[in-house]
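Asks: A single structure is presented below for examination.
The values are calculated or read from the model by the stated rules, or taken from the named source; none is laboratory data. Everything numeric in this text was worked out from a predicted model, so none of it was measured. Heads up, the Cβs are rebuilt from the backbone with ideal geometry, glycines too, and the neighbour counts pull from every protein chain shown. These area figures cover heavy atoms from the full protein model, side chains too; ligands, DNA and RNA do not enter into them. Shrake-Rupley method; radii C 1.70, N 1.55, O 1.52, S 1.80 Å.
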Amino acid sequence: MNHASPCTSMSRAGSLPSLALLNLVSGIALLGVSACSGGQASSAPAPATQARTVRAAQVETGPARPAIRASGLLTAVNESSLSFRSAGTVRSVEVRAGASVKAGQLLATLETPELDAGLRQARERLAQRRRDRERADRLFADEALSREERDNAHTAEALASADLQAARFRSQLQIRAPGDGVVLRRLVEPGANVSAGGTVLVIGRQSGDSGLALRVGLSDRDVVSLRLGDPAQLRFAAYGDRRFTGHVSEIAASTDALLGSYAVQITLADAAPGMSSGMIGSARIAARDQDAQRRSYLPLTALVDGDQAAVRVFLLDGERVRERELAVAFIDGERVALATELPANSRVITDGATELRDGDPVRVVDRTERSPGTRHAPP
């Protein structure tokens, strides 16, 4: 028996007198043509994915170690802290903040009853040893005393004299101005108890040096990488987001006995009008010897997700993007330093990255164009 294919049979269908039947046959014919195509219509290429509008940033290169960050107190470059060498009760403070002083001027006095008593005893002991030495000299001249006994009397007098000098040193009951200048801060009042070395007055001395500096304390791990002249950025709460520039001008050779840190002075290059000693500021120091090794830095706005160990970003590859997961070395302010350096001239998607998939086509716009649907608004 000769069997025709469904397509052939459908093509041979005759005309029917009924319009309804004609419509029915036309619909069946269309279905038959679709079946005869063998599904070729479904294999037609899908419409191209529309390029998404994004913004991109250049991957930066920076030091292999994070910048050094610290907070401290703004001071005059030629500032001096004055204190008593002994503990005791403050008897008087002769000057107030803002007062001008001359070299050698009396500034403060201290009451130290215990040290005063020790000083009197040292004077009396020296007087006694001097009388013993004079008597030993007379007896030795009369040959009534041996040379060794006379020498012992001389030694005892010398030791008593040294004890008196030490007692006088310990009982420094006055603070005098080390030079001409201005009182910047008065930290204690009469009747207050102070410890040995505790700051009583802060003086800004008049000298060839001028200007303001931020004094910070750093650990040994940070201070070993610093050099004089290293650049720094400074910020002060009183001036909001404004950034100031400066450089490392002093590095202590030893740690502070009380704080256990190294004192570092950062001199301001562009102090603002109205800045005064006592303001609290923060510094970001870029040690120059960190430039020997480099890392790739990404802006935080480029991160789709991640943590301190790894982040996910989209890198620009021609007119498409490639999804990458990158290991993190450290976070430095508003940037992320990568553990592996990226190729030169790499660009990373910043705005619009959350809507992307690996391989998506993109259109990169500059900062003046509007990028719809972005996660981060342009600044």
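Asks: Dividing the alpha-carbon radius of gyration of the stretch 72-133 by 2.2 N^0.38 Å (N being the number of residues), what value is obtained? Walk me through the intermediate numbers first.
Replies: Numbers: Rg = 18.2 Å, N = 62, 2.2 N^0.38 = 10.6 Å.
This ratio for the stretch 72-133 stands at 1.73.
Asks: Let me check I've understood the local charge: for residue 203, count other residues with C-beta under 12 angstrom from its C-beta, Lys and Arg +1, Asp and Glu -1. What total comes out?
Replies: With Lys, Arg at +1 and Asp, Glu at -1, the neighbours total +3.
Asks: Can you give me the distance in nm between label points at residue 256 and residue 73, each placed 7 Å from the Cα along the Cα-to-Cβ direction?
Replies: 0.8 nm
Asks: Around residue 335, what is the net charge, scoring Lys/Arg as +1 and Asp/Glu as -1 over all other residues with Cβ under 11 Å from its Cβ? If you can, show how the numbers build up before the last one.
Replies: Working: positive: 295; negative: 60, 332, 334.
Around residue 335, the charge tally is -2.
Asks: Around residue 359, under 13 Å between beta carbons, what's the net of Lys plus Arg minus Asp minus Glu among the other residues?
Replies: On the way: positive: 52, 320, 322, 324, 357; negative: 317, 319, 323, 358, 360.
That works out to 0.
Asks: Restricting to DSSP loop positions (anything but H, G, I, E, B) with no more than 11 other Cβ atoms inside 10 Å of their own Cβ, which trypsin sites (Lys or Arg not before Pro) remain in the stretch 81-130? Intermediate results must be reported in sequence, preceding the final value.
Replies: Values: sites: 85, 91, 96, 102, 120, 123, 125, 129, 130; in loops: 85, 96, 102.
Counting only loop positions with at most 11 other Cβ atoms within 10 Å, the trypsin sites (Lys or Arg not before Pro) in the stretch 81-130 are 96, 102.
Asks: I need the calculated FRET efficiency for the pair residue 334 and residue 366, taking r as the beta carbon distance and R₀ as 22 Å, to the nearest 0.05.
Replies: Using R0 = 22 Å, I get an efficiency of 0.60.
Asks: Moving on to the next point. Using a 1.4 Å probe on the protein heavy atoms only, what accessible surface does residue 354 show? Give it in Å² to the nearest 10.
Replies: 60 Å²
Asks: Taking only C-alpha pairs under 8 Å that are 6+ residues apart, what is the relative contact order of the stretch 216-344 in percent?
Replies: Numbers: 216 pairs, mean separation 26.2, N = 129.
Dividing the mean separation by the residue count of the stretch 216-344 yields 20 percent.
Asks: Now for a different question. Sorted by packing (mean other beta-carbon atoms within 10 Å per residue), highest first, where do 134-140, 293-299 land?
Replies: Values: 134-140: 14.6, 293-299: 18.1.
Put in order of decreasing packing, that is 293-299, 134-140.
Asks: For a Förster distance of 51 Å, can you work out the FRET efficiency between the beta-carbons of residue 312 and residue 228, rounded to the nearest 0.05? Walk me through the numbers before you get to the answer.
Replies: Details: r = 42 Å, r/R0 = 0.82.
Computed FRET efficiency for residue 312 and residue 228 comes out at 0.75.
Asks: Please compute, for the alpha-carbon atoms of the stretch 291-352, the extent along each of the three principal axes and give them in descending order in Å.
Replies: That gives 34, 24, 17 Å along the principal axes, largest extent first.
Asks: Still on this structure: Given a Förster distance of 56 Å, report the FRET efficiency between residue 57 and residue 166 from their Cβ-Cβ distance, rounded to the nearest 0.05.
Replies: On the way: r = 67 Å, r/R0 = 1.20.
It comes to 0.25.
Asks: Give me the Kirkwood hydrodynamic radius of the stretch 206-278 in Å, from all C-alpha pairs, to one decimal place?
Replies: Details: mean 1/r = 0.0748 Å⁻¹.
Every distinct Cα pair counted, the radius reaches 13.4 Å.
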